[in-house]
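Each reported figure results from applying straightforward, stated rules to the coordinates on display, with no laboratory input. As the structure is a computational prediction, the values presented were derived from the model and not from experiment. Reconstructed Cβ throughout: ideal geometry from the backbone, glycine too, with neighbour counts over all protein chains shown.
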Amino acid sequence: MAHVSPDISAIRARLLAWYDAHARSLPWRAAAGAARTEPYRVWLSEVMLQQTTVPHATPYFHAFTMRWPGVEDLAAAEDAEVMGAWAGLGYYARARNLLACARAVAGDHGGVFPDTEAGLLALPGVGAYTAAAVAAIAFDRAANVVDGNVERVMARLFAVETPVPAARPELRRLAALFVTDDRPGDWAQALMDLGATVCRPRSPSCDICPVSDQCRGLATGEPTRFLVKARKADRPHRRGLAYVLFDAQGRVAVETRPDKGLLGGMLGLPTSDWTAEDPSGPPPVPADWRAAGAVEHVFTHFSLTLTVLTAQGQTPHADWRWMPVQDARAALPTVFAKALDRAFIEPDLFL
Ligand code: SF4
């Protein structure tokens, strides 16, 4: 293996020059030469982008900023409206935290985001990554912004053999070597762009990478070996029943899920408990329930097979309410939207 010793200053200069020429045009980014992006837009985009992709988050970002153009507008929104608008983005605790944070900024800070990493970190629901990203991008603070992309780039540049999660402190330390008071916001975004468009997880484009001659991972001949990951424990599997009850007008019975727990506070279809065993027990209301197949869904900590039962009936459970199918389809989290779609394989119900 050729000996490569990454030069911090050279990498910084090259990557910033590359960013000046190739920065992605993203809806939440300020145009080249414009003032920095509003903190509200940076914060909103960073929360949305955690665990989802730019193409998936983009329409949500447009919808949110059209409907709630500023943090005080969002703070004044009804919980259910925001939860509904978030449906499909996953990780619903984030939507609750989003509202809590917006209300704290509106109520305790006069509608103005704190301009330091520490001040941002003190807001409800704002973690270390988001605080650093907003501090760097919106306020040009010298914050060390480390997400999965940055970890991968650092692991490759320095050929870090230690697997994550044990390697995380080392990767963070390496990333910090590059953070200075010179253009910290642009540096954070340059690194994000490199990770997203060039140093991609499975197929890095090392031939066009502006720092390839500084990359120890490339010099090993196997850059994709990094980031090294510890073997994951298998994800547990659960099973449950979803009850899709229609009335004579074709509306569907929905309920608001309890605040605590998975998908807390979101709109849901009625379901049984989700357990490792096959679900049993009578349906929650009597009706001519018919099986309509099953849907699969993968959550962060478990996968789920949801068997769908469907019926027509007039008496929803006390906690249920009727909703037009189109409205429910738009507002339900993905797992329930899949179950609702599944119920439509029984077309004779709607004749
Ligand atoms: S040379 Fe390849 S592996 Fe190294 S940083 Fe560039 S794209 Fe990533």
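Considering only Val134, Gln189, Pro236, and ranking their Cα positions along the charge dipole of region 125-239 that arises from unit charges at the beta-carbon of Lys, Arg, Asp and Glu, the one farthest toward the positive end is Pro236. For Ile11, Ile208, the sequence from fewest to most other C-beta atoms within 10 Å is Ile208, Ile11. Projected label points at Asp213 and Ala21, each 7 Å from Cα along the beta carbon direction, are separated by 1.4 nanometres. Magnitude of the charge dipole for region 129-256, about its Cα centre and with charges confined to Cβ atoms of Lys, Arg (+1) and Asp, Glu (-1), is about 680 debye.
Stretching Glu222 away from Phe344 to a fully extended chain increases their span by 39.1 nm, per 0.36 nm per residue minus the current alpha-carbon distance.
Mind checking the full-extension length gain between Gln249 and Ala10? Use 0.36 nm per residue of separation minus the Cα-Cα distance, one decimal, nm.
Gain on stretching Gln249 to Ala10: 79.3 nm.
Taking only Cα atoms and a 10 Å spring cutoff, compute GNM fluctuations for the chain and point out the largest among Leu269, Leu309, Leu26. Answer for the Gaussian network model of the chain: Leu26. Computed extension gain for Ala76 through His62, at 0.36 nm per residue and net of the alpha carbon distance, reaches 3.2 nm. Among the trypsin sites (Lys or Arg not before Pro) found in region 210-307, those both in a DSSP coil and sparsely packed, with 13 or fewer other Cβ atoms within 10 Å of their Cβ, are Arg231, Lys232, Lys260. With q set to 0.12, 0.15, 0.20 Å⁻¹, the log10 of I(q)/I(0) for region 1-132, from the Debye formula over equal scatterers at the Cα positions, is -0.54, -0.78, -1.21. Dipole orientation for region 78-119: of the candidates Ala100, Pro114, Ala87, Ala87 has the Cα lying most toward the positive pole (charges on Cβ; Lys, Arg +1; Asp, Glu -1).
Shown for Trp187, Trp320: other C-beta atoms within 10 Å of each C-beta, ranked fewest to most, produce the order Trp320, Trp187. Seen from all directions on average, the chain presents a Cα convex hull projection of 20.4 nm².
Between Asp273 and Arg173, what FRET efficiency comes out of the Förster formula 1/(1 + (r/R0)^6) with R0 = 25 Å and r the beta carbon distance, rounded to 0.05? Computed FRET efficiency for Arg173 and Asp273 comes out at 0.05. When the helices of the chain are scored as -39500 (n - 2.57) per DSSP H run of n ≥ 4 and the total is divided over every residue, the value at 222 nm lands at -11500 deg cm²/dmol.
Summary: within the chain, the longest segment free of GluC sites (Glu not before Pro) located in DSSP loops with at most 13 other C-beta atoms within 10 Å is 162-276.
Mind checking the log10 I(q)/I(0) for region 141-286 at q = 0.13 Å⁻¹? Debye, one equal scatterer per Cα, no solvent, two decimals. The Cα Debye sum returns log10 ratios of -0.73. Based on Cα atoms of region 270-339, Rg over Rh with Rh as the Kirkwood radius reads 0.95.
Evaluated at q = 0.10, 0.12, 0.22, 0.26 Å⁻¹, the base-10 log of the normalised Debye intensity for region 220-306, with identical point scatterers placed on the Cα atoms, takes the values -0.40, -0.52, -1.24, -1.46. Across all directions, the average flat footprint of the convex hull enclosing the Cα atoms of region 74-120 is 3.6 nm². GNM on the chain, alpha-carbon springs under 10 angstrom: the most fluctuating residue among Thr53, Thr130, Thr300 is Thr300. Just to be sure I understand the model, the point goes 7 Å from the Cα along the line to the Cβ. What's the resulting Ser280 to Ala100 distance in nm? Roughly 3.9 nm, to one decimal.
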